[in-house]
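Beneath this line is the structure, given in structure tokens, with notes to follow.
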Amino acid sequence: MADIVTMPKLGFDMAEGTLLRWVKKEGDKVEKGELLAEIETDKATVEVESQYSGVVLKHLVTEGTPVPVSNPIAAIGAEGEKYEGAAAQAVAPKTEEKSVNQEPSVNQKQAIIGLNDKQIKTDDKPIPGADADGRLPDGVRASPLARKIAQERGVNLKSVRGSGPLGRITKRDVEGAKAGGSGLSLPGLQLADLGPAPADKRVPLTRLRSAIGRRMVQSRQEIPHFYVTHEYDVDRLLEARAQANAALEGSGEKLSVNDFIIKAAALTLRQYPNLNAKLDGDAIVQLGQVNIGVAVAVEGGLLVVVCRDADRKPLRQISQEVREMAGRVRGGKVSTEDIEGSTFSISNLGMYDVHSFTAIVNPPEAAILAVGAAQEVPVVKNGQIAVGNRMRITISIDHRISDGAEGAQYLQALAAYIENPIALLM
């Protein structure tokens, strides 16, 4: 009587396996312990060895067919023996699914084969063109059945996320991609062809860059910084600037947002003289003049031009002076008067669409403002979401001179001018 090979149970939660490939064809001789077939489970592809010796009389399922555990898959008997398939089919349970090739399952009488660790290999059969890890040149790892189903269904394996070991793509992954996948095809994992990398280039430090480096290192090492940030409603400021520039049209003058910030910062310093100060030995010297330093980017670094008595000057005069000094330093015609004597500084990167940043205190000053861009953002007004313009300003302060509460109060007082800019135009 023929021995019946059944679908083995290869794990506690295994309910079925897919017969991927018959290693022994019908009519082939097989010895106990020889490879008989390959079976795919949810977790791996397994090579199954025969528990019987003889001749493979009949394959009871075709390749690619999912089969419940313990269902018959093959009959092995003596050479010349005839397999009574019809009788066996009458007692075997039906499979629950059709194979991917739509082949019907075959009922057979039940028999059990045993498997031990030596008979189970969790690695796949080598895939043509794959490396030792089963990975193809495009970097995709997938079981043979997954590849077959993907080919049949037109699923791009590069767009499928594998749930198996080392990201291996299984049958279930491909079927999921077919049902709900985006079909997105991503390029392969390869470097862009940008030609040879340029050679390293050594750029000597300019005197300006060296001076900036020494000064900022000194500031970082000697001044204990802390930072406070405030967000301002600049709807009115932008509107006032637009109206002022409309009034100045044809005059050659034009106000910038930074001009308003300079004036507002200077006026607010009158209320907080401790931030318009410097440390001198064992005393804090609160400076009488409010001279606002404005950072200007130049070739090879930056310079700080100084608007003296900015709290006393009209907005238009501040604008004109700063514009002229910036033009001089950018043209290499800087004078000592232009860049010395600041008591408080402003650095504005809003023109580069910088949202917010922090600046390093310019010694011996006590503080510096870092101004971000005015941005159109969703805001809540009277319980409704509306479009508004907001700007973030961060103040960096020498902690030896001042504290967080004073910094916060200064930024809060600054809002009185920035959010009500008519006071700056008077």
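The values are calculated or read from the model by the stated rules, or taken from the named source; none is laboratory data. Bear in mind the structure is a predicted one, so any value in this text is a computation, not a measurement. In this analysis, Cβ positions are derived from the backbone assuming ideal geometry, glycine residues included, and neighbour counts consider all displayed protein chains. In case anyone asks, the SASA skips ligands and DNA or RNA and just uses the protein heavy atoms, side chains included. Shrake-Rupley method; radii C 1.70, N 1.55, O 1.52, S 1.80 Å.
What the table below lists for this structure:
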| read-out | value |
| --- | --- |
| Candidate set: the range 1-40, residues that are among the acidic types (Asp, Glu) and open to solvent by less than 50 Å² (accessible area, probe 1.4 Å); chosen: the one modelled with the highest pLDDT | Glu38 |
| Qualifying residue in the range 73-82 (condition: within 51 Å of the chain's Cα centre (by Cα), modelled with pLDDT of 85 or more, among the aliphatic types (A, V, I, L, M) and surrounded by 14 or more Cβ atoms within 10 Å (Cβ to Cβ)) | yes |
| Boolean, Ile169 is modelled with pLDDT of 75 or more, open to solvent by less than 30 Å² (accessible area, probe 1.4 Å), among the β-branched types (Val, Ile, Thr) and under 27 Å from the mean Cα position of the chain (by Cα) | yes |
| Condition check for Ala416: open to solvent by 50 Å² or more (accessible area, probe 1.4 Å) and among the aliphatic types (A, V, I, L, M) | yes |
| Single residue of Val48, Val55 found to be at pLDDT 75 or above, of a type in the set (A, V, I, L, M, F, W, C), under 56 Å from the mean Cα position of the chain (by Cα) and not in a loop (DSSP other than H, G, I, E, B) | Val48 |
| Pairs, first at pLDDT 75 or above and surrounded by fewer than 21 Cβ atoms within 10 Å (Cβ to Cβ) in the range 130-156, second in a helix (DSSP H, G or I) and not aliphatic (A, V, I, L, M), C-beta under 9 Å, six or more apart | Lys148/Lys171; Arg153/Glu175; Arg153/Lys178; Gly154/Lys178 |
| Given (1) part of a helix (DSSP H, G or I); (2) closer than 19 Å to Thr268 by Cα; (3) of a type outside the set (Phe, Trp, Tyr), number of the condition Lys313 does not satisfy | (1) |
| Residue count, the range 368-426 (criterion: at pLDDT below 95, of a type in the set (Gly, Ala, Ser) and in a loop (DSSP other than H, G, I, E, B)) | 1 |
| Counted residues, the range 331-353 - those being surrounded by fewer than 15 Cβ atoms within 10 Å (Cβ to Cβ) and under 38 Å from the mean Cα position of the chain (by Cα) | 3 |
| Pairs, first among the acidic types (Asp, Glu) in the range 396-417, second part of a loop (DSSP other than H, G, I, E, B) and open to solvent by less than 10 Å² (accessible area, probe 1.4 Å), C-beta under 6 Å, six or more apart | Asp398/Val361; Asp398/Ala366 |
| Where Ser319 falls short, out of the listed (1) closer than 21 Å to Glu239 by Cα; (2) small (Gly, Ala, Ser); (3) not in a helix (DSSP H, G or I) | (3) |
| Selection from the range 326-354 of residues that are without any contact (Cβ under 8 Å) to a residue 40 or more places away in the chain and not in a helix (DSSP H, G or I) | Gly331, Gly332, Lys333, Val334, Ser335, Glu340, Leu349, Asp353, Val354 |
